[in-house]
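Below: the structure, in C-alpha cells.
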Amino acid sequence: MTNPTQYSPLALAFLGDAVFDLLVRESLLMQANRPAGDLHNLATAQVNARAQAALAQRLLPQLSEEEAGVFRRGKNAKPGTLPQSCSPQEYALATGLEALFGWLWLRGEQERAQELCSFGDT
C-alpha cells in the first residue's frame with residue numbers, strides 16, 4: 001500500500017477530487033434511478049468548491065486529529081490559480097476536503113471516506 005504522507009497536499013487533492021466525485025455519484029445513483037442529466041445536475045450541486053467548503057465545515061468536528069492534520073495541510077496549500085466561482089476561503093476549504101479524501105483513499109479507508117461523504121446528504 002502507498003504511504004499517503006509522501007504526497008503533497010495538492011497531489012492528494014488531485015486524487016481526492018476524483019474520489020469525492022465518485023462517492024457523490026455513487027450515492028446519488030443508489031438513492032434513485034434517475035435520468036443521467038438529472039444525476040449530473042445533482043452531482044454538480046455537491047461537487048463544487050462552495051458546496052465542498054460547506055461540507056468541510058460540517059465535517060471538522062467529526063475528524064480525528066490525524067484527519068484534521070491532513071485537512072489543514074490541504075487547506076493551507078497554495079494552488080497556482082483560483083476559480084472565479086468561489087472565494088479564496090471556500091477554495092482553501094474545498095482543497096482541504098479533497099486532500100483528506102485523497103489521503104483516505106490511498107490508505108485504503110474507503111468506508112471512512114463514504115461515511116464522511118454521507119454528511120453531505122443531510
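The values are calculated or read from the model by the stated rules, or taken from the named source; none is laboratory data. Bear in mind the structure is a predicted one, so any value in this text is a computation, not a measurement. Glycine gets a Cβ as well: all are built from the backbone with ideal geometry, and neighbour counts include every protein chain shown. Ligands, DNA and RNA are excluded from the accessible area calculation, which covers all protein heavy atoms including side chains. Shrake-Rupley method; radii C 1.70, N 1.55, O 1.52, S 1.80 Å.
Count, please, the residues in segment 70-115 that happen to be part of a loop (DSSP other than H, G, I, E, B), hydroxyl-bearing (Ser, Thr, Tyr) and open to solvent by less than 50 Å² (accessible area, probe 1.4 Å). Break it down into steps so the answer makes sense when it comes.
Kept after step one, since they are part of a loop (DSSP other than H, G, I, E, B), are these residues of segment 70-115: 76-87, 107-109.
Remaining after also requiring hydroxyl-bearing (Ser, Thr, Tyr): 81, 85, 87.
From the residues that got through so far, the ones that are open to solvent by less than 50 Å² (accessible area, probe 1.4 Å) too are 87.
Going through segment 70-115 one residue at a time, the tally reaches 1.
Sort out which residues of segment 62-86 are over 28 Å from residue 112 (Cβ atoms) and hydroxyl-bearing (Ser, Thr, Tyr), and write them in order of number.
Of the residues in segment 62-86, the ones over 28 Å from residue 112 (Cβ atoms) are 80-82, 84-85.
81, 85, listed by residue number.
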Close pairs from segment 2-14: first closer than 16 Å to residue 69 by Cβ, partner polar (S, T, N, Q), Cβ under 7 Å, at least 6 apart
13/95
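In segment 34-53, what residues are aliphatic (A, V, I, L, M) and surrounded by fewer than 16 Cβ atoms within 10 Å (Cβ to Cβ)? Write out each step before concluding.
Taking segment 34-53 as the starting set, the residues that turn out to be aliphatic (A, V, I, L, M) are 36, 39, 42-43, 45, 47, 49, 51, 53.
Within segment 34-53, 36, 45 meet the criteria.
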Odd one out for residue 60, checked against (1) open to solvent by 80 Å² or more (accessible area, probe 1.4 Å); (2) free of Cβ contacts under 8 Å to residues at least 24 places away in the same chain
(1)
List every residue pair whose Cβ atoms sit under 7 Å apart, with the two residues 6 or more apart in sequence or on different chains, where the first one lies in segment 15-26 and is touching a residue at least 24 places away in the same chain (Cβ under 8 Å) and closer than 13 Å to residue 99 by Cβ and the second, anywhere, is open to solvent by 10 Å² or more (accessible area, probe 1.4 Å) and among the acidic types (Asp, Glu).
16/98; 17/98; 20/98
From the list 49, 32, exactly one residue is out of contact with any Phe, Trp or Tyr (no Cβ under 7 Å at 6 or more places or on another chain) and either modelled with pLDDT of 95 or more or more than 18 Å from residue 104 (Cα to Cα) (or both). Which is it?
32
